[in-house]
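Colleague: Structure in structure tokens, see below.
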Amino acid sequence: MFSFQGENILSVNQLDRDCIERIFAVAKKMEPYAKKQKRTNVLEGAILANLFFEPSTRTRVSFGTAFNLLGGLVRETTGMQSSALAKGESLYDTARVISAYADAVAMRHPDSGSVAEFATGCSVPVINGGDGPNEHPTQALLDLLTIERELNRFDQNIDGMHIALVGDLKYGRTVHSLSKLLCHYKDIKFSMVAPNGLQMPDSILSAVENAGHKIELVDKMEGNLAADIVYQTRIQEERFPSQEEANKYRGGFRISQSIYNTHCKPNSVLMHPLPRDSRLEANELDNDLNANDNLAIFRQVQNGVLIRMALFALTLDVENKVEQYEVSVPWFSRKRDS
């Protein structure tokens, strides 16, 4: 089994089902701390370098929050132009420098393979927060945890489920990583719902097929959303050759409550890696879905903090020491009742 201690988390290819279940077990132990029912200072004095060279709000803050909840400190760099990379410094040199300052690194970069390249020069654990259109392993893990929890509400399991992946499957790194993780499960039906120009890469399709799962490739939502999980993705306009090319696809795969009622099952769970594009010309998941109990997008966010806490605890080898460093929570918080 993958040891985790001192290791980099760069790709879901590093993880098998035993690894996934271990991460989930630790993530579930983190819930009291995320809900502010308890505090722990197990990482007191440890420093996370949160290096985000591509725009991010949710993932960047989630990584920082996860480290803080374990008692650690966070130092951040945001944007390429505010870093030494803009002066021509190599990823290797940056890694050597940051290693001297920090005990762990969370990193996002617009180029595929960049985080792995950075890790070659880094002497502390590096966690991939997304490298271009390539991978987003922590998002895939939080998505998978969300799927497990949402299906359990209806006495279902990941094995044997039906999932519809909808939207930009070509550039959407979240669905690439999620599909790879689902290869460790059994008898899943995939409906790949995307326009012809944005279908899932052949390498991912081959991996899913080789795992024994069933795949349907379709280019319209009508008649193809009656799944246990409906995972909508944003058009990744920043990865298209031009804005004009991206605009051809915006708004073509909108889901509203009316569409949900017509084409989804009564208990279809709606997911999205966020941010959802709420502009009128896109409007991927309509605001009228906010009252739908099966809209899981904000529960995904909460599960993301748990997953990232678990990965920090595992890579820094404190997963069995968290409770030893508990302290009281003196302030009021509504999270305790959520």
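The values are calculated or read from the model by the stated rules, or taken from the named source; none is laboratory data. Fair warning: this is a prediction, and the values are worked out from it, not measured in the lab. All Cβ positions, even for glycine, are placed from backbone atoms using ideal geometry, and neighbour counts span all protein chains on display. These accessible areas exclude ligands, DNA and RNA; they are computed on the full protein's heavy atoms, side chains included. Shrake-Rupley method; radii C 1.70, N 1.55, O 1.52, S 1.80 Å.
Colleague: Working carefully through the options R22, R75, find the one that is within 19 Å of the chain's Cα centre (by Cα) and of a type in the set (K, R).
Modeller: On the way: R75 fails: within 19 Å of the chain's Cα centre (by Cα).
Testing whether each residue is within 19 Å of the chain's Cα centre (by Cα) and of a type in the set (K, R) leaves just R22.
Here's the yes/no breakdown for (1) outside any helix (DSSP H, G or I); (2) within 25 Å of P32 (Cβ to Cβ); (3) open to solvent by 40 Å² or more (accessible area, probe 1.4 Å); (4) modelled with pLDDT of 90 or more:
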{"site": "D277", "(1), (2), (3), (4)": "yes, no, no, no"}
{"site": "N283", "(1), (2), (3), (4)": "yes, no, no, no"}
{"site": "D288", "(1), (2), (3), (4)": "no, no, yes, yes"}
{"site": "R299", "(1), (2), (3), (4)": "no, yes, yes, yes"}
{"site": "L306", "(1), (2), (3), (4)": "no, yes, no, yes"}
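Colleague: Which of (1) surrounded by fewer than 22 Cβ atoms within 10 Å (Cβ to Cβ); (2) part of a loop (DSSP other than H, G, I, E, B) does L43 not meet, given it meets every other one?
Modeller: (1) is the only condition that L43 fails.
Colleague: While we're on this one: All but one of (1) surrounded by 16 or more Cβ atoms within 10 Å (Cβ to Cβ); (2) modelled with pLDDT under 95 hold for L314, so report the exception by its number.
Modeller: (2)
Colleague: Give me the pairs: first residue in region 133-162 and over 23 Å from S112 (Cα atoms), second residue hydroxyl-bearing (S, T, Y), beta-carbon distance under 8 Å, and six or more apart or on different chains, which are they?
Modeller: I158/Y185; D159/Y185; H162/S191
Colleague: Let me ask something else about it. Taking region 276-334 only, how many residues are without any contact (Cβ under 8 Å) to a residue 60 or more places away in the chain and acidic (D, E)?
Modeller: Matching residues across region 276-334 total 5.
Results for (1) open to solvent by less than 50 Å² (accessible area, probe 1.4 Å); (2) at positive phi; (3) small (G, A, S), shown as yes or no for each residue.
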| position | (1), (2), (3) |
| --- | --- |
| Y33 | yes, no, no |
| R39 | no, no, no |
| A49 | yes, no, yes |
| P55 | no, no, no |
| G71 | yes, yes, yes |
| R75 | no, no, no |
| E89 | no, no, no |
| R96 | no, no, no |
| F118 | yes, no, no |
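Colleague: If you don't mind, there's one more thing I want to ask. Please determine, by comparing only the residues of region 140-190 that are among the polar types (S, T, N, Q) and under 22 Å from D277 (Cα atoms), which one is farthest from the chain's Cα centre (by Cα). Let's see the steps before the verdict.
Modeller: Applying the first criterion (among the polar types (S, T, N, Q)) to region 140-190 yields 146, 152, 156-157, 174, 177, 179.
Then drop every residue that is not under 22 Å from D277 (Cα atoms), which leaves 146, 174, 177.
Details: T146: 10, T174: 6, S177: 9 Å.
Only one residue fits best here, namely T146.
Colleague: Cβ-Cβ distance below 6 Å, separation of 6 or more or different chains: which pairs start in region 89-116 with a residue that is touching a residue at least 40 places away in the same chain (Cβ under 8 Å) and among the small types (G, A, S) and end on one that is surrounded by 22 or more Cβ atoms within 10 Å (Cβ to Cβ) and part of a helix (DSSP H, G or I)?
Modeller: Within 6 Å, the pairs are A106/F63.
Colleague: Taking R336 as meeting all but one of (1) over 27 Å from R173 (Cα atoms); (2) crowded, with 16+ Cβ neighbours inside 10 Å, write down the number of the exception.
Modeller: (2)
Colleague: Could you tell me which numbered condition S62 fails, if it satisfies all but one of (1) touching a Leu at 6+ places or on another chain (Cβ under 7 Å); (2) under 16 Å from Q302 (Cβ atoms)?
Modeller: For S62, the failing item is (1).
Colleague: Related question: What single numbered condition from (1) under 22 Å from the mean Cα position of the chain (by Cα); (2) buried (at least 16 other Cβ atoms within 10 Å of the Cβ); (3) farther than 30 Å from E44 by Cβ fails to hold for Y260?
Modeller: For Y260, the exception is condition (1).
Colleague: Among the residues of region 1-19, how many are in a helix (DSSP H, G or I) and either free of Cβ contacts under 8 Å to residues at least 24 places away in the same chain or surrounded by fewer than 20 Cβ atoms within 10 Å (Cβ to Cβ) (or both)?
Modeller: Step one: of region 1-19, the residues in a helix (DSSP H, G or I) are 12-14, 17-19.
Still in the list and also either free of Cβ contacts under 8 Å to residues at least 24 places away in the same chain or surrounded by fewer than 20 Cβ atoms within 10 Å (Cβ to Cβ) (or both): 13-14, 17-19.
Matching residues across region 1-19 total 5.
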